[in-house]
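Below you'll find the structure I mean.
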Amino acid sequence: MNGPEIHVEFSPELGLFVPHARRGRATKVVTDGASSLGHVVESLGVPLTEVGELVVDGRASSFSHVPAAGESVEVRPVERPQRVPGAPLRFLLDVHLGTLARRLRLLGVDTAYESTDIGDAALAARSAAERRVMLSRDRGLLRRRELWAGAYVYSTRPEEQLRDVLDRFAPELRPWTRCTACNGLLREATKEEVADQLKHGTKRTYEVFARCRDCGRAYWRGAHHDQLEAIVERALAYGSSRG
């Protein structure tokens with residue numbers, strides 16, 4: 001590019017996305033004189049899903065602003081908790097976030113998940129069609145214009161991923177109300193209704209069951225319940241500490 005020079009400074013929270021030389025200080029950027037400020041920011045590595053506000057010479061600006069020579073730009077992160085207007089808060093996760101999807105469903109958060117790689121275009125189209133916030137670690141996916149809304153998942157560890165989503169969006173938690181396999185809602189079920197899914201020992205030991213309204217999967221407080229209960233308790237405690 002060979003056009004107006006501007007100075008851009010990224011907030012520390014966005015340092016992950018920019019080269020080390022641009023972190024912690026304003027640096028010179030040469031623009032083409034026609035591209036929007038949003039395009040310039042993305043070209044420097046930051047998905048616009050992670051940008052909360054652009055401040056140009058001390059005043060809030062829009063992504064569509066075309067920067068002029070000499071302007072100073074501050075790129076700030078999204079405010080937390082982030083509000084997503086226009087639809088109930090619900091999520092769509094890509095193929096790499098299966099554990100996070102199951103944990104969000106465990107907490108009763110409406111979470112769609114693609115267990116196969118259907119491609120960025122199809123994911124973006126589903127986000128738009130169902131008005132779901134796309135959660136991904138794929139920066140290219142989060143730059144697609146078709147997305148209805150999106151957010152970068154900063155960690156590779158499921159516990160930290162979950163905490164980050166809870167911190168960023170503060171979704172309403174209703175533990176034990178969704179199927180962790182398909183996201184359908186659960187209902188109480190009798191032992192007779194789910195008998196075909198139970199081994200002999202389970203039939204003898206347990207009396208309280210639930211069943212998914214959509215896929216029919218049965219649930220009971222089995223061997224792994226304590227581990228799941230710990231996940232739920234930590235999430236509820238974290239939500240209470242933030243509130």
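The values are calculated or read from the model by the stated rules, or taken from the named source; none is laboratory data. As the structure is a computational prediction, the values presented were derived from the model and not from experiment. Cβ sites come from the backbone with ideal geometry, for glycine too, and all protein chains shown count toward neighbours. To get the accessible areas, we keep the full protein, side chains included, count just its heavy atoms, and leave off ligands, DNA and RNA. Shrake-Rupley method; radii C 1.70, N 1.55, O 1.52, S 1.80 Å.
Compare the Cα positions of 10, 34, 20 along the charge dipole of the range 1-43 (+1 at Cβ of Lys, Arg; -1 at Cβ of Asp, Glu; about the Cα centre) and return the one farthest towards the positive end.
My answer, from the dipole projection, is 20.
Around residue 128, under 14 Å between beta carbons, what's the net of Lys plus Arg minus Asp minus Glu among the other residues?
+3
Tally Lys/Arg at +1 and Asp/Glu at -1 over every other residue whose Cβ is under 13 Å from the Cβ of residue 33; what's the total?
-3
For helix 158-169, report the angle its Cα long axis makes with the longest principal axis of the Cα atoms of the chain; keep it between 0 and 90° and round to the nearest 10°.
Tilt of helix 158-169: around 60 degrees.
Farthest toward the dipole's positive end in the chain, which of 113, 219, 73, given Cβ charges of +1 (Lys, Arg) and -1 (Asp, Glu) about the Cα centre?
Checked the options; the winner is 219.
Continuing with this model, one more query. Using a cut-off of 15 Å between beta-carbons, work out the net charge of the residues near residue 194 (Lys and Arg +1, Asp and Glu -1, residue 194 not included).
Computed value for this residue: +3.
Among 135, 185, 16, whose mean-square fluctuation peaks in a Gaussian network model of the chain (Cα, cutoff 10 Å)?
Its mean-square fluctuation being the largest, the pick is 16.
Let me ask something else. Quote the charge dipole size of the chain about the Cα centre in Debye, to the nearest 20; the model charges only the Cβ of Lys and Arg (+1) and of Asp and Glu (-1).
Rounded to the nearest 20 debye, it is 700 debye.
Would you kindly derive the ³J(HN,Hα) couplings of the range 28-34 from the backbone phi angles with the Karplus curve 6.51 cos²θ - 1.76 cosθ + 1.60 (θ = phi - 60°), listing them in order in whole Hz, with x for Gly and Pro?
With the stated coefficients, the range 28-34 comes to 6, 10, 9, 9, 9, x, 10 Hz.
Would you check the accessible area of residue 65, probe 1.4 Å, heavy atoms only, in square angstrom rounded to 10?
50 Å²
Treat each spin label as a single point 7 Å out from the Cα along the C-beta direction, and report the residue 241 to residue 207 distance in nm.
Placing both labels 7 Å along Cα→Cβ, they lie 3.8 nm apart.
Here is a further query. Among 232, 179, 133, which residue has its Cα furthest toward the positive end of the charge dipole of the range 123-238, with +1 on Lys/Arg Cβ and -1 on Asp/Glu Cβ?
Positive-end residue among those listed: 133.
Which FRET efficiency value, to the nearest 0.05, is calculated for residue 196 and residue 146 with the Förster distance at 45 angstrom and r the Cβ-Cβ distance?
Calculated transfer efficiency: 0.60.
Working out 0.36 nm times the residue gap between residue 122 and residue 62, then minus their Cα-Cα distance, what length gain in nm do you get to one decimal?
The residue 122-residue 62 span can extend by a further 18.8 nm.
Also, I was wondering about something else. When you count, for each residue, the other Cβ atoms within 10 Å and take the mean per peptide, how do 71-77, 55-61, 156-162 rank with the highest first?
71-77, 156-162, 55-61
While we're looking at this one, here's another question. Could you work out [θ]222 nm for the chain from helices alone, using -39500 (n - 2.57) per DSSP H run of at least four and dividing by all its residues? Round to the nearest 500 deg cm²/dmol.
-8000 deg cm²/dmol
How large a share of the accessible area of the range 155-233, in percent, is made up of carbon and sulfur atoms when the probe is 1.4 Å and the other protein chains stay in place?
47 percent
Starting from the Cα of residue 191, draw a straight line to each of the lysines and keep only those under 26 Å, dropping any in the same chain fewer than 8 residues away.
Partners found: 199, 203.
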